[in-house]
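What follows is a set of notes on a single structure, which appears directly below.
The values are calculated or read from the model by the stated rules, or taken from the named source; none is laboratory data. Everything quoted here is computed from the prediction, not taken from an experiment. When we count neighbours, we look across all protein chains shown, and the Cβ atoms used for this are built from the backbone with ideal geometry, even at glycine. The protein model used for the area step is the full one, side chains on, heavy atoms only, and it has no ligands, DNA or RNA in it. Shrake-Rupley method; radii C 1.70, N 1.55, O 1.52, S 1.80 Å.
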Amino acid sequence: PSRLGKYEELYDTKVGKATLKQVNREKSLQRLMTINMLKRLESCVNSFRITIRKVKEANQKTYDSIEAFERNRALGTIEVTQIQEDDFEDDDFDITNPDESTLGKVKIDFADMDLRSWKEDLRKDIETLTALYDLMAYVTPDKDLKLQKLIEVIENKIENPFNAGNKKVLIFSAFADTTNYLYE
């Protein structure tokens with residue numbers, strides 16, 4: 001909190017008489033990430049699993065980066081594991097870490113942060129994501145009711161075509177990994 005003014009000065013944007021605050025943008029981003037997670041679940045359980053795993057891995061990299069920063073701060077060197085864009089696919093979140101001692105597109109020095117609280121939050125998130133991923137592992141294709149319903153619809157289409165001989169089926173998805181899951 002004592003360093004908040006520094007970042008408000010850097011990242012808050014004046015628009016006429018109003019100010020677009022970075023804090024509000026961060027809250028909006030959290031809502032968008034939640035919506036994206038729900039869209040991934042709605043698409044298919046496998047897409048949800050993939051995103052949970054990648055978010056957990058990104059959180060672990062961030063946690064490891066904080067620990068490296070804490071270890072090396074006293075030595076005057078910082079080695080931080082970066083979250084790379086290629087850690088995620090187009091279907092996932094746009095999470096990058098462009099600078100070694102900063103987080104995300106908004107550059108925030110680790111030295112300005114309450115790392116103890118952040119590490120605790122990350123640890124809890126990693127535990128929650130691990131438990132959620134483990135629960136999702138129980139949903140195999142034979143237990144995936146949405147997939148089973150799709151198979152039923154396709155089998156019905158093939159057995160009872162709308163027009164004679166037409167057994168074509170097109171499946172659209174917003175996510176490539178959903179279509180890969182269906183294909184497999």
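Being at pLDDT below 90, surrounded by 14 or more Cβ atoms within 10 Å (Cβ to Cβ) and over 30 Å from Thr178 (Cα atoms) holds for only one residue in Ile95, Ile108, Ile83, and it is Ile108. Restricting attention to the stretch 5-22 and to residues that are open to solvent by 60 Å² or more (accessible area, probe 1.4 Å) and hydrophobic (A, V, I, L, M, F, W, C), the residue that is nearest to Ile108 (Cα to Cα) turns out to be Leu10. Close Cβ contacts (under 6 Å, 6 or more residues apart or on different chains) running from residues in the stretch 155-184 that are of a type outside the set (A, V, I, L, M, F, W, C) to residues that are part of a helix (DSSP H, G or I) comprise Lys167/Ile158; Ser173/Thr179; Asp177/Ser47; Asp177/Ile50; Thr178/Ser43; Thr178/Ser47; Tyr181/Asn46.
Residues of the stretch 111-138 being of a type in the set (A, V, I, L, M, F, W, C), loosely packed, with under 13 Cβ neighbours inside 10 Å and closer than 23 Å to Leu10 by Cβ, which ones?
Ala111
On the given criteria, is Leu150 modelled with pLDDT of 90 or more, over 22 Å from the mean Cα position of the chain (by Cα), surrounded by 13 or more Cβ atoms within 10 Å (Cβ to Cβ) and not charged (D, E, K, R)? For Leu150, the condition - modelled with pLDDT of 90 or more, over 22 Å from the mean Cα position of the chain (by Cα), surrounded by 13 or more Cβ atoms within 10 Å (Cβ to Cβ) and not charged (D, E, K, R) - is met.
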